[in-house]
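One structure is given here, and the rest of the page talks about it.
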């Protein structure tokens with residue numbers, strides 16, 4: 001076996017949403033790196049040495065994990081959800097790309113594998129019904145790593161394309177205004193009856209789901225544990241579920257589409 | 001236990017990508033409905049009665065499954081990947097919405113639950129590296145249920161927003177031109193060096209991955225078993241992996257963004 005770094009997704013919270021592949025990887029690893037709350041989920045597994053670190057230390061964490069893997073340990077890098085969606089997989093590849101010549105030599109024998117997980121928007125969509133059953137887009141509303149202007153531009157173009165949208169990190173303590181700005185753009189581009197779903201702590205004991213019309217949406221309905229799903233112009237409710245039809249009735253401009261089934 | 005219809009995702013192919021939740025549901029169900037190749041995956045489980053049907057019979061399949069669930073059986077509706085992404089969850093809710101008064105009365109006691117799975121684009125992204133590590137969109141290129149014009153419009157707006165893109169159903173026997181048209185739109189909107197990834201039969205023994213520049217992409221590189229992932233303007237390769245950085249360098253117009261890291 002070559003030295004391995006397995007970049008894993010632990011899903012949104014409930015262990016029943018782990019894949020067998022991830023379970024097997026956890027069972028056979030020696031070390032696990034990750035942000036505190038994700039590493040905490042593996043506490044009590046005596047074969048695993050845990051290396052927790054804080055948010056925004058992703059590159060340092062990746063460097064430490066690669067160094068340990070290069071020593072022949074079988075190392076996990078933990079994300080919640082899916083590691084490829086706004087999570088650690090990109091940070092690991094950024095670290096590999098920025099390697100010094102010494103690091104490059106040290107890390108080149110490490111087999112880096114990404115193993116997928118259930119990402120928050122798909123867990124939330126399942127609990128709601130099927131709001132992402134037609135074309136959609138996925139936007140991280142955090143402006144830590146990109147300008148706020150590109151976020152607004154993407155929401156605007158996504159509304160014009162009539163995509164359903166999933167928003168990650170809608171707001172945080174350091175950025176309470178993030179989601180109000182997104183709501184303003186939606187109010188400019190979409191009809192007031194557009195459905196917006198707030199899914200908080202999905203699959204956890206304190207999960208909450210809330211579905212409102214755009215005209216009733218308020219910024220304080222989302223916090224950092226919330227995934228927000230915005231329907232497209234044809235998304236509607238049937239009983240307690242929200243769904244987007246597979247078929248799409250054409251409109252000359254998506255922004256003027258009428259929700260004739262709403 | 002009320003009558004149940006569980007709408008499940010079997011993941012892209014490898015049973016190691018099933019969640020424990022889905023395994024438990026399969027173990028305790030009495031009947032499973034689905035498209036032939038998905039139902040085939042459960043052959044040999046003696047406690048399960050299998051009800052396979054053909055493609056494009058989704059609403060009839062959902063009706064039959066709801067009828068059986070209403071009789072008190074514990075019924076599974078199978079999709080590959082995730083049931084909420086271009087799969088059976090929306091079809092089940094469409095069927096519930098269109099219920100006749102008799103059907104409505106018969107089905108109203110049925111507890112319909114959707115259980116998520118690993119969708120093809122996330123399995124493909126994991127095998128490739130992290131091409132969906134920044135904002136992205138997900139488009140079904142099939143024009144069975146929507147006009148070709150809306151597909152082109154969405155690809156064009158997605159390119160202008162500089163989303164990475166995942167394409168499902170890029171072409172089929174009845175629609176060989178579907179993917180050439182998408183390629184033409186990309187060639188108009190994106191730089192020739194843009195990375196395009198073709199992931200076929202992901203997680204199966206005959207999986208193939210191929211990464212090319214847009215200028216080298218040809219329509220025959222995709223078939224109906226392929227998921228296509230188009231990078232954003234900053235997606236690049238490191239070693240054998242493809243990834244999209246978490247951070248985004250601003251450009252006044254995304255379509256004129258220069259890939260200064262390419």
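Can you work out which of the residues in region A:248-258 that are surrounded by 13 or more Cβ atoms within 10 Å (Cβ to Cβ) and either over 13 Å from residue A:164 (Cα atoms) or more than 7 Å from chain B (Cβ to nearest Cβ) (or both) is modelled with the lowest pLDDT?
Among them, the one singled out is A:257.
Hey, residue B:232 hits all of (1) within 14 Å of chain A (Cβ to nearest Cβ); (2) out of contact with any strand residue (DSSP E or B) (no Cβ under 7 Å at 6 or more places or on another chain); (3) in a loop (DSSP other than H, G, I, E, B) but one; which does it fall short on?
(2)
Among the residues of region A:136-146, is there at least one that is assigned to a loop (DSSP other than H, G, I, E, B) and in the same structural domain as residue A:73 (by the TED database)?
The answer is no, given that none of the residues of region A:136-146 is assigned to a loop (DSSP other than H, G, I, E, B) and in the same structural domain as residue A:73 (by the TED database).
Hey, does region A:145-160 have a residue that's touching a helix residue (DSSP H, G or I) at 6+ places or on another chain (Cβ under 8 Å), surrounded by 24 or more Cβ atoms within 10 Å (Cβ to Cβ) and at the interface with chain B (Cβ under 8 Å from one of its Cβ atoms)?
Checked against the condition, which is being touching a helix residue (DSSP H, G or I) at 6+ places or on another chain (Cβ under 8 Å), surrounded by 24 or more Cβ atoms within 10 Å (Cβ to Cβ) and at the interface with chain B (Cβ under 8 Å from one of its Cβ atoms), region A:145-160 yields at least one hit.
Would you confirm whether any residue within region A:205-228 is over 22 Å from residue B:92 (Cα atoms), within 14 Å of chain B (Cβ to nearest Cβ), in a loop (DSSP other than H, G, I, E, B) and at pLDDT 95 or above?
Yes, because at least one residue in region A:205-228 is over 22 Å from residue B:92 (Cα atoms), within 14 Å of chain B (Cβ to nearest Cβ), in a loop (DSSP other than H, G, I, E, B) and at pLDDT 95 or above.
Given the options A:83, A:131, name the one that is buried (at least 16 other Cβ atoms within 10 Å of the Cβ), closer than 30 Å to residue A:229 by Cα and in the same structural domain as residue A:211 (by the TED database).
Going through A:83, A:131 in turn, the sole match is A:131.
Return the residue satisfying two criteria in turn: it lies in region A:101-128 and is assigned to a loop (DSSP other than H, G, I, E, B) and either at pLDDT below 95 or more than 7 Å from chain B (Cβ to nearest Cβ) (or both), and of such residues it is surrounded by the most Cβ atoms within 10 Å (Cβ to Cβ).
So the residue we want is A:117.
What number of residues within region A:176-200 satisfy the criterion of being touching a residue at least 24 places away in the same chain (Cβ under 8 Å), within 18 Å of residue A:236 (Cβ to Cβ) and not in a helix (DSSP H, G or I)?
Final tally of qualifying residues: 9.
Looking at residue B:76 and the list (1) away from every other protein chain (no Cβ under 13 Å); (2) in a loop (DSSP other than H, G, I, E, B); (3) touching a helix residue (DSSP H, G or I) at 6+ places or on another chain (Cβ under 8 Å), which single condition is not satisfied?
The single condition residue B:76 does not satisfy is (2).
Any idea which residue in region A:129-144 is farthest from the chain's Cα centre (by Cα), counting only those that are within 22 Å of residue A:10 (Cβ to Cβ) and within 7 Å of chain B (Cβ to nearest Cβ)?
Going through the qualifying residues, I end up with A:132.
Could you list, in sequence order, the residues of region B:4-17 that are surrounded by fewer than 21 Cβ atoms within 10 Å (Cβ to Cβ) and touching a strand residue (DSSP E or B) at 6+ places or on another chain (Cβ under 7 Å)?
B:4, B:16
Return yes when residue A:27 is without any contact (Cβ under 8 Å) to a residue 60 or more places away in the chain and either over 19 Å from residue B:127 (Cβ atoms) or assigned by the TED database to the domain that holds residue A:127 (or both) and no when it is not.
yes
The values are calculated or read from the model by the stated rules, or taken from the named source; none is laboratory data. Fair warning: this is a prediction, and the values are worked out from it, not measured in the lab. Cβ: placed from backbone, ideal geometry, glycine included. Neighbour counts: every protein chain shown.
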